[in-house]
């Protein structure tokens, strides 16, 4: 099987992680790296001397030996770079979110189909062991009908220059929510506020997504929290799940707890207080698994789990949440 010659555009926050993983893969080769800042490229050259370096991604995409590119640049640049890469016949791996608008996300999805190229969004948590385990448990029927999805993703910073806290942090939880619930939402509403003068970006937000069958999802994102919290609660008719990504050993806990209706003149419900168990999870890096999936899809002409359609669904949710927040929490129907 031929090696996939891959390039990385952007070596800021997330790019180095992609570079490191590509360099260690057996069926892919770190072929090229691009960044506008020469000092960053000098660091890459010292560590990965066999990789070509470019300060202009247009020139990099003209290289006929390049098979695929990973884009780790600001959200506002995703569309232009990904479009040019697809038109140049390259497979494309894009950091979340796919684009800054639903319309542009759909254009990229259709272009990838036309060019017969893999377009994959780095919704990295969908390739993590905890989220995969939650999907397995939900699909097996162990928790019963889902009642709610409640997530908190907060920390102190990092403030982004081109997007607000919704577009920065919420893509993770919206992607997880979309994957686990697997249904079309009915509506989205959100409230957001800006506390830092001069930033121009909302730094705290609450998003509510309503689904059929009385399923409700609530997402809290915040750049101004004193501690880092990464937690998801899923309530079901039979069992409940707590996912704490900051827990080093027991990230997933499944509780045999709930309530049952009771036909009694004295009370309406009966509480079920069963056991808790924490399933064993593999410790492999989610990004490594995501990139491996990307390369495998190229080799075998498969559709990625987080393809353009999945990326578009998340972008649409982000757009609707942003619009609702600007309308002071107005509920926006799908």
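Just so it is clear, none of the values below were taken in a lab; they were calculated from the coordinates. Given the structure is predicted, the values throughout are model-derived calculations rather than measurements. Cβ atoms come from the backbone with ideal geometry, glycine included; neighbour counts cover every protein chain shown.
Of the peptides 22-34, 156-168, how do they stack up when ordered by the mean number of other Cβ atoms within 10 Å, highest first?
Details: 22-34: 20.0, 156-168: 17.0.
For the peptides 22-34, 156-168, the packing ranking is 22-34, 156-168.
Can you give the calculated 222 nm mean residue ellipticity of the chain, where each DSSP H run of n ≥ 4 adds -39,500 (n - 2.57) and the sum is split over every residue, rounded to the nearest 500 deg cm²/dmol?
Working: 9 runs with 114 residues, N = 334.
Computed ellipticity for the chain at 222 nm equals -10500 deg cm²/dmol.
So for the pair residue 233, residue 162, with labels modelled 7 Å out along Cα→Cβ, what separation do we get in nm?
A separation of 3.6 nm, rounded to one decimal place.
Any chance you could get the radius of gyration and Dmax over the Cα atoms of segment 47-187, in Å?
Considering segment 47-187 through its Cα atoms, Rg and Dmax are 17.8, 53 Å.
Multiply the residue gap between residue 3 and residue 139 by 0.36 nm, knock off their C-alpha separation, and tell me the result in nm, one decimal place.
Details: separation 136, 0.36 × 136 = 48.96 nm, distance 3.51 nm.
That pair, residue 3 and residue 139, stretches by 45.4 nm at full extension.
According to the Kirkwood expression over distinct Cα-Cα pairs, how big is the hydrodynamic radius of segment 272-333, in Å? If you can, show how the numbers build up before the last one.
On the way: mean 1/r = 0.0639 Å⁻¹.
Across segment 272-333, the inverse of the average 1/r is 15.6 Å.
Any chance you could tell me what percent of the C-alpha pair distances in segment 146-250 go past 19 Å? Could the numbers behind the result be given before it?
Values: 2492 of 5460 pairs.
Looking at segment 146-250, the distances longer than 19 Å represent 46 percent of pairs.
Simple spin-label model, 7 Å along Cα-to-Cβ: residue 148 to residue 77 in nm?
Here the answer is 4.1 nm between the modelled labels.
Within the chain, what percent of beta bridges assigned by DSSP are antiparallel, to the nearest 5?
Values: 41 of 69 bridges.
Counting DSSP beta bridges with both partners in the chain, the antiparallel share is about 60 percent.
FRET efficiency for residue 249 and residue 55, Cβ-Cβ distance as r, R0 = 41 Å, nearest 0.05? Could the numbers behind the result be given before it?
Working: r = 44 Å, r/R0 = 1.07.
The computed FRET efficiency comes out at 0.40.
Within segment 82-114, list the residues whose amide N lies under 17 Å from a label point set 7 Å along Cα→Cβ of residue 332.
Label zone hits: 97-106.
Between residue 259 and residue 283, what length comes free when the chain is fully extended (0.36 nm per residue of separation minus the Cα-Cα distance, one decimal in nm)? The partial results should precede the final answer.
Working: separation 24, 0.36 × 24 = 8.64 nm, distance 3.39 nm.
Stretched out fully, the residue 259 to residue 283 stretch lengthens by 5.3 nm.
Just to be sure I understand: of the beta bridges DSSP finds with both ends in segment 138-238, what percent are antiparallel, rounded to 5?
Numbers: 23 of 30 bridges.
Of the beta bridges lying entirely in segment 138-238, close to 75 percent run antiparallel.
Could you state the principal axis extents of the C-alpha atoms in segment 57-99, from the largest down, to the nearest angstrom?
Answer, in whole Å and largest first: 27, 15, 14 Å.
Per residue Cα convex hull volume for segment 217-308, in cubic angstrom? Walk me through the intermediate numbers first.
Values: hull volume 18.9 nm³, N = 92.
Hull volume normalised by residue count: 205 Å³.
Work out the FRET efficiency for residue 269 and residue 155 from their Cβ-Cβ distance, taking R0 = 41 Å, and round it to the nearest 0.05. Intermediate values should be presented prior to the final figure.
On the way: r = 37 Å, r/R0 = 0.90.
Result of the calculation: an efficiency of 0.65.
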